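Student: Take this structure first; my questions come after.
The values are calculated or read from the model by the stated rules, or taken from the named source; none is laboratory data. The structure presented is a predicted model; accordingly, all values stated were derived computationally and were not measured. Ideal geometry is used to build each Cβ from the backbone, glycine not excepted, and the neighbour counts take in all protein chains shown.
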Amino acid sequence: MLIEFSVANFKSIKTEQKLTLTKTKSNELEESNTFESGGYNLLKSVVIYGANAAGKSNFIKALAEMRHLILSSSKMNSGDMLDMTPYKLSDDTISKPSEFEVIFIAADGVRYQYGFTATALRIHEEWLYAFPKGRPQKWFTRYFDVETGEYHWDMGAALFGEKAVWQRSTKENSLFLSTAVQLNSKQLTPIFEWFSDKLKLAVNGHWGPTLTTKLCEEKDKNKILSIMQAADLDIEDLQVETKTFDINNLPKDIPSDFRQVLINELRDQSVSEVFTIKKNEDGNLIRFDLENDESEGTQKLFSLAGPWITSLNRGHILFIDELHLNLHPKLVEFLVSMFHDPNLNKNNAQLIFTTHDTTILSQDFFRRDQVWFCEKEDGYSTKLYPLTDFNPRKGRENLEASYLDGKYGGLPYINKIKRL
């Protein structure tokens, strides 16, 4: 479960910006929208509002980049550049490391605090603290001394295993966590697996249909169908057809070199097509190609159905940017409400998403501590802040009207066009 994520000096984010999923003392929507884990009272969902280019996407991209480095940095060659983009609109930050930190509860029930700082050239700092039974333990820290050109390490007594071997094997552009797990550290595996297995992100606002298609081919087709039907679509059934890719179906005008590359990659590969089944006005069943015959909204809902079901079943932490794209506001409300339903969300899954859809911005749907805003501070750097900073009246204040009226900020500044 996610407790907190913070980031500094990354893309449009200059100073540290922090998102917390710890609930406040208020008891509003407590049974549906919150849960308790490891002594922490946490939120099942958080929504982030803000103008275009305010930095909402960059906040999710920061977590995605953190996850990417954890999963892949141990496999990098020495000298490979890291994909770090500092805040460029200040001479003070452009040459300094970006900083990332996450506080979470892993599958072993222990709370961890893990983070690092990095530039494109190297990892500058890295740290991990554990809190078994609430008691703090420093497992390791490292930092790069610019003057000596060497790393300084502090290995805690609570971390067991071949620490000296893992330390020597950690390259300047690799994380110690990633390296130690690759070299079979059992103790650090729950931290790594939280990032690899529990944390799921869709930076571009959607997933492709692959996961949902796979679930339809296995045992979860009825669950996928129930989501599609609950969205009030006239779908009677779903069908998946899998066949071997036919190279003769490639367009004739593809350049020969590129055509050969596709043939080499796709030869003997299986291709799955999804069809929706509907009744015509005479009661006969008609088949429609999902990709070619259905709307973008229906296609997106199908693509989201798989991650939604998997997340609810496995207790994932799901980040998705621009959830509202191609979806009716009622569908957005429907999808979010699944995370609030104790009968559907039995494994404490969490949903964090950005949107411009204000129809769900209501105290009947969200607790006040579930709503966050994003805007450009002084017109330059991203600022992330919660609705609770404004102390809206419990149960009485119209959050949508107040937001659109500019009371909470996070709105675009629109000037009149003087000429074209």
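Student: Go through region 86-128 and give me each residue that's touching a Ser or Thr at 6+ places or on another chain (Cβ under 9 Å), under 26 Å from LEU21 (Cβ atoms) and β-branched (Val, Ile, Thr).
Tutor: Within region 86-128, VAL102, ILE103, ILE105, THR117 qualify.
Student: Residues of region 56-108 being without any contact (Cβ under 8 Å) to a residue 40 or more places away in the chain and of a type in the set (Asp, Glu), which ones?
Tutor: Of everything in region 56-108, those that are without any contact (Cβ under 8 Å) to a residue 40 or more places away in the chain and of a type in the set (Asp, Glu) turn out to be ASP83, ASP91, ASP92.
Student: If you don't mind, another one. Does region 356-368 contain any residue that is under 19 Å from the mean Cα position of the chain (by Cα), assigned by TED's automatic domain parsing to the domain that holds ALA62, surrounded by 17 or more Cβ atoms within 10 Å (Cβ to Cβ) and not charged (D, E, K, R)?
Tutor: Start the filter on region 356-368 by keeping residues that are under 19 Å from the mean Cα position of the chain (by Cα), which leaves 356-357.
The next check asks that each one be assigned by TED's automatic domain parsing to the domain that holds ALA62; those that pass are 356-357.
Filter again for surrounded by 17 or more Cβ atoms within 10 Å (Cβ to Cβ), leaving 357.
Adding the requirement that they be not charged (D, E, K, R) leaves none.
So far as region 356-368 goes, no, none of its residues is under 19 Å from the mean Cα position of the chain (by Cα), assigned by TED's automatic domain parsing to the domain that holds ALA62, surrounded by 17 or more Cβ atoms within 10 Å (Cβ to Cβ) and not charged (D, E, K, R).
Student: Taking region 176-215, which residues are under 20 Å from GLU126 (Cβ atoms) and under 21 Å from the mean Cα position of the chain (by Cα)?
Tutor: Within region 176-215, LEU177, SER178, THR189, PRO190, ILE191, PHE192, GLU193, TRP194, PHE195, SER196, LEU199 meet the criteria.
Student: Quick one: count up the residues across region 353-372 that are among the acidic types (Asp, Glu) and under 17 Å from THR34 (Cβ atoms).
Tutor: 2
Student: Out of everything in region 269-285 that is in a loop (DSSP other than H, G, I, E, B) and modelled with pLDDT of 85 or more, what residue ends up being nearest to GLY208 (Cα to Cα)?
Tutor: Filtering first and then ranking leaves ASN280.
Student: For region 1-70, which fully contained strands (runs of 3 or more DSSP E) count at least 1 residues that are within 14 Å of the chain's Cα centre (by Cα)?
Tutor: 2-8, 17-20, 45-50
Student: Further question: Can you confirm whether ARG367 is among the basic types (Lys, Arg), touching a strand residue (DSSP E or B) at 6+ places or on another chain (Cβ under 8 Å), modelled with pLDDT of 95 or more and on the phi < 0 side of the Ramachandran plot?
Tutor: Yes.
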